[in-house]
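Data block below; observations after.
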Amino acid sequence: MNGDIEAFIIHLARATARRPQVDHLLKACPVPARVLDAVDGRAMSEAEIDAVYSRKSMHAPHYPFEMTAGEVGCFLSHRKAWQAIVACGRDAGLVIEDDVEIDADVFATALEFAREHVSAHGIVQFQVRRIAEPGPLIASTDAVVLARPMIIPLRASCTLYSRSAAERLLAQTGRFDRPIDGHVQLHWVTGLRPLIAVPSGVRDKAADIGGTTIQARNVPWRQRLRRELLRPIYRARVSALSRRHDQPPE
């Protein structure tokens, strides 16, 4: 594989149970890779959070939930990765969260094909779960398909960004109002229409290495119930706007 990609593995230092998986990812990654220290949202002060997080929605649809400190830290960690992509001077950068597992052969094939198309599309996602509606076929080989989903999937577990896409996302997110994957989902805001690689060669391993480091634990039942009631409404609004703005950017 050409050396025009560098990978950045986001890892939270206090998540020591994940360090063996990080070491595994460093060895399994088919391009040069390094560890990027994650921003610990739980260690941030209220003033630091308020400086970057807008509790008032900045974009449609209105985001009905308050972000957790972990989600704020996660977003800042991805911004840190975008900054690293821009700074490294390569054509593209791969951002990997430390709770995934890579099937080395399948992923290498998918990544090589994605590399050939990322400059034209900005973002290629390697999703950790099956996508029910992958969308129109953009390109394919015997081994991998690149599709453009109408509704961009959630999860930012493993994503290839062109340098120009990283620059664009950085310019848009000095302040943000929803989690990283929720922002990327708003293609009418970002001007970027991510592709997905199928098969991705990536799967979720969080449950095997200590669970989430982002979501709050012991959430009161009233708050959980509110989320369960509002989540389908929010998703329906994202779906409606996604369909309304279905045409890819020029």
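The values are calculated or read from the model by the stated rules, or taken from the named source; none is laboratory data. What you see is a predicted model, and the numbers here were worked out from it, not measured in a lab. As a convention, Cβ positions derive from the backbone with ideal geometry for all residues, glycine included, and neighbour counts pool all protein chains shown. The area values use the complete protein model at the heavy-atom level, side chains included, leaving out ligands, DNA and RNA. Shrake-Rupley method; radii C 1.70, N 1.55, O 1.52, S 1.80 Å.
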Query raised in the report: Can ARG14 be described as open to solvent by 80 Å² or more (accessible area, probe 1.4 Å), of a type outside the set (A, V, I, L, M, F, W, C) and part of a loop (DSSP other than H, G, I, E, B)?
Result: yes
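Based on this model, can you work out whether GLY211 counts as on the phi > 0 side of the Ramachandran plot and either out of contact with any Asp or Glu (no Cβ under 7 Å at 6 or more places or on another chain) or at pLDDT below 95 (or both)? Show your work before the answer.
Numbers: on the phi > 0 side of the Ramachandran plot: yes; either out of contact with any Asp or Glu (no Cβ under 7 Å at 6 or more places or on another chain) or at pLDDT below 95 (or both): yes.
Yes; evaluated as a whole, the condition is true for this residue.
Got a sec? Which of ALA143, ALA104 is open to solvent by 40 Å² or more (accessible area, probe 1.4 Å), farther than 26 Å from HIS59 by Cα, modelled with pLDDT under 95 and over 16 Å from the mean Cα position of the chain (by Cα)? Walk me through how you get there before you give the answer.
Working: ALA143 fails: modelled with pLDDT under 95.
The conditions single out ALA104.
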Report task. Please work out which one of (1) surrounded by fewer than 21 Cβ atoms within 10 Å (Cβ to Cβ); (2) touching a Leu at 6+ places or on another chain (Cβ under 8 Å) is the condition LYS205 fails and give its number. Result -> (2)
Report summary line: Result of the Cβ filter at 9 Å on the stretch 101-123, keeping first residues that are in contact (Cβ under 8 Å) with a residue 60 or more places away in the chain and partners that are open to solvent by less than 50 Å² (accessible area, probe 1.4 Å) and charged (D, E, K, R), at least 6 apart or interchain, is GLU101/LYS205; ARG115/ASP4; HIS121/ARG148; HIS121/ARG193; GLY122/ARG193; ILE123/ARG193
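Within the stretch 36-57, which residues are buried (at least 16 other Cβ atoms within 10 Å of the Cβ) and either part of a helix (DSSP H, G or I) or in contact with a Phe, Trp or Tyr (Cβ under 8 Å, 6 or more places away or on another chain) (or both)?
LEU36, GLY41, ILE49, VAL52, TYR53
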Query raised in the report: In the stretch 14-33, which residues are in contact with a helix residue (DSSP H, G or I) (Cβ under 9 Å, 6 or more places away or on another chain) and farther than 18 Å from VAL202 by Cα?
Result: ARG14, ALA15, ALA17
Report task. Could you figure out which of (1) of a type outside the set (S, T, N, Q); (2) part of a loop (DSSP other than H, G, I, E, B); (3) open to solvent by less than 30 Å² (accessible area, probe 1.4 Å) isn't true of CYS74? Result -> (2)
Query raised in the report: What do you reckon, is GLN83 open to solvent by less than 50 Å² (accessible area, probe 1.4 Å), under 30 Å from ILE49 (Cα atoms) and at pLDDT 95 or above?
Result: no
